[in-house]
Amino acid sequence: MKPAQTHETIEVAALTVGMLIHLDGGWMSHPFPRSSFKISSVDQIATLRSLGLERVRWSPEEADSDGPQELPVAAPVVERRGSVADRRRRLAPEAAPSQLLTASERHFGEAAKASKMVFDRVVEHPADARRAADALTRQLVDKMAGTEDMCIQLLSEGTGDRVCAHAVNVSVISLLMGRSFGLGETDMLDLGMGALLHDVGKAEIPERYRHREDHFNMAERRLYENHVATGMAHAQRMELTAGASLILEQHHEHSDGSGFPQGLSTDRTSTLARIVALVNAYDNLCNPANPGQALTPHEAVAHLFTQNHKQFDTAILGAFIKMMGVYPAGSVVQLTDDRYALVVGVISSRTLRPRVLVHDPRVPRDEAVILDLQTVSGLGIRRSLKPSSLPEAVLSYLSPRTRLNYFFEPAGETRSPA
């Protein structure tokens, strides 16, 4: 029988390649695929140090090294003429390679699974649903703590069903908004919980009435709007806090009094509910029930600002546009050198110069170049485009998402998806 591992603690500053370490905390407290793993690179040590940890557990008997030592110096990489890396340097020396699997996608997928469990248990096990929702919300809030800059990342569209993806999208963006306003922990937890559960009342509405359509008659419209009252009934059974419950009650109210169910104006709604109302509207514009009606992220931001600005709190709308950028992740753009690109990451403090995946027929699609426009002088975005206006070869290469999923990572640790 293999003897049980012994765990000792070690300062993060003393870690070295080859050590088997064990990280404590939830699945979203770090960007690694597993909580126990053997350090294989200096980059992993740098990431561990960036998490702000002082000590971690490790298993001395499983290490490939004898313990703390100076970090090894990486040997130079010798490449053959004409190699992929060499070609990439010639084409775009400032580029970073795309990553097929990212920590963000893993975290989003886990959050979507957790939210599905919440929704599945609301009716028969409301207390269990509340505990699961609270755990997920706390993990999201904890992951946002302690880092100034966040990168809002575009993910692949195959993660989670539409209901759960919408709940996670609204939660993530709402919490990033709350963070930008400097909300305290209690408000952040209420905001995350309310955003996650804002549509919980739709589960008992027939599928065809869960999304408001212009052709609804009065009875159909009342049936759709009744999801708010049903959601509030669930909130009471789950014993949600007053702050979270107000979000479920008011997430369809408008600042000009044109919303439902009570027609409340700004001065009669909570700040948290006003945040979720805006983020919910944005995600519904980008990810409608009928994909043929979807707006691009750039169009959605413009629509909210020009067509619906009276419906939303002015300060919250301004902060939202400042955080998401004029070209949010998922936007198809043309660069100032005429190349086409897909915005794959937006750093909240530098939104005018996002990270973009660039169309270049000389580079295979699975080796596509990603540029951080913040680091490239003389290159920017000229305009936003509809995917349908792209040449067929460009459309196939960039593969714009038909459903937008978002997550976040500290700006210094991000990897952009292909």
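Answer yes or no as to whether ARG362 is within 19 Å of GLN153 (Cα to Cα) and surrounded by fewer than 24 Cβ atoms within 10 Å (Cβ to Cβ).
Numbers: within 19 Å of GLN153 (Cα to Cα): no; surrounded by fewer than 24 Cβ atoms within 10 Å (Cβ to Cβ): yes.
Taking the combined requirement at face value, the residue does not satisfy it.
Could you tell me whether ALA277 is more than 25 Å from GLY192 (Cα to Cα), over 17 Å from the mean Cα position of the chain (by Cα) and part of a helix (DSSP H, G or I)?
Here the answer is no, as ALA277 does not meet what is asked.
Checking the condition surrounded by fewer than 17 Cβ atoms within 10 Å (Cβ to Cβ) and without any contact (Cβ under 8 Å) to a residue 12 or more places away in the chain, which residue from ASP214, ASP161 passes? Outline the logic, then answer.
Values: ASP161 fails: without any contact (Cβ under 8 Å) to a residue 12 or more places away in the chain.
The match here is ASP214.
Go through (1) at pLDDT below 65; (2) more than 23 Å from GLN139 (Cβ to Cβ) for MET28 and report which single condition fails.
(2)
Please verify whether LEU264 is more than 25 Å from PRO354 (Cβ to Cβ), in the same structural domain as PHE181 (by TED's automatic domain parsing), in contact with a helix residue (DSSP H, G or I) (Cβ under 9 Å, 6 or more places away or on another chain) and surrounded by 22 or more Cβ atoms within 10 Å (Cβ to Cβ), treating the condition exactly as stated.
On the way: more than 25 Å from PRO354 (Cβ to Cβ): yes; in the same structural domain as PHE181 (by TED's automatic domain parsing): yes; in contact with a helix residue (DSSP H, G or I) (Cβ under 9 Å, 6 or more places away or on another chain): yes; surrounded by 22 or more Cβ atoms within 10 Å (Cβ to Cβ): no.
Considered against the rule, which asks whether it is more than 25 Å from PRO354 (Cβ to Cβ), in the same structural domain as PHE181 (by TED's automatic domain parsing), in contact with a helix residue (DSSP H, G or I) (Cβ under 9 Å, 6 or more places away or on another chain) and surrounded by 22 or more Cβ atoms within 10 Å (Cβ to Cβ), LEU264 comes out as no.
Enumerate the pairs (first residue in the range 290-303 and more than 16 Å from ILE321 (Cα to Cα); second residue anywhere and among the hydroxyl-bearing types (Ser, Thr, Tyr) and not in a helix (DSSP H, G or I)) with beta-carbon separation below 6 Å, excluding pairs fewer than 6 apart on the same chain, so at least 6 apart or on different chains.
PRO291/THR402
Do we find a residue being β-branched (Val, Ile, Thr), assigned by TED's automatic domain parsing to the domain that holds ARG130 and not in a helix (DSSP H, G or I) anywhere in the range 244-256? Don't jump to the end; show me each part of the working.
Taking the range 244-256 first, the residues β-branched (Val, Ile, Thr) are 247.
Then drop every residue that is not assigned by TED's automatic domain parsing to the domain that holds ARG130, which leaves 247.
Within this subset, residues satisfying the condition of being not in a helix (DSSP H, G or I) are none.
No, every residue in the range 244-256 fails to be β-branched (Val, Ile, Thr), assigned by TED's automatic domain parsing to the domain that holds ARG130 and not in a helix (DSSP H, G or I).
Every residue, every condition in (1) modelled with pLDDT of 95 or more; (2) under 15 Å from LEU373 (Cβ atoms); (3) small (Gly, Ala, Ser), yes or no:
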site: THR306; (1), (2), (3): no, no, no
site: LYS310; (1), (2), (3): no, no, no
site: TYR340; (1), (2), (3): yes, yes, no
site: ARG353; (1), (2), (3): no, yes, no
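Answer yes or no as to whether SER174 is surrounded by fewer than 19 Cβ atoms within 10 Å (Cβ to Cβ), under 26 Å from GLY325 (Cα atoms) and of a type in the set (S, T, N, Q).
Details: surrounded by fewer than 19 Cβ atoms within 10 Å (Cβ to Cβ): no; under 26 Å from GLY325 (Cα atoms): yes; of a type in the set (S, T, N, Q): yes.
It is false that SER174 is surrounded by fewer than 19 Cβ atoms within 10 Å (Cβ to Cβ), under 26 Å from GLY325 (Cα atoms) and of a type in the set (S, T, N, Q).
Determine which member of the set HIS234, HIS215 is more than 23 Å from the chain's Cα centre (by Cα) and part of a loop (DSSP other than H, G, I, E, B).
Details: HIS234 fails: part of a loop (DSSP other than H, G, I, E, B).
Of the residues listed, the single one that is more than 23 Å from the chain's Cα centre (by Cα) and part of a loop (DSSP other than H, G, I, E, B) is HIS215.
For the range 220-276, which residues satisfy the criterion of being in contact (Cβ under 8 Å) with a residue 60 or more places away in the chain and hydrophobic (A, V, I, L, M, F, W, C)?
Passing the criteria: MET238, LEU240, LEU272, ALA273, ILE275, VAL276.
Evaluate the range 270-291: report whether one residue or more is among the aromatic types (Phe, Trp, Tyr) and crowded, with 20+ Cβ neighbours inside 10 Å.
The initial filter retains those residues of the range 270-291 that are among the aromatic types (Phe, Trp, Tyr), namely 282.
Pick out the ones that are also crowded, with 20+ Cβ neighbours inside 10 Å and you get 282.
Yes, that holds for at least one residue.
The values are calculated or read from the model by the stated rules, or taken from the named source; none is laboratory data. All figures in this text were calculated on a predicted structure; none of them were measured in a lab. Positions of Cβ are generated from backbone atoms using ideal geometry, with glycine treated the same way; all protein chains shown enter the neighbour counts.
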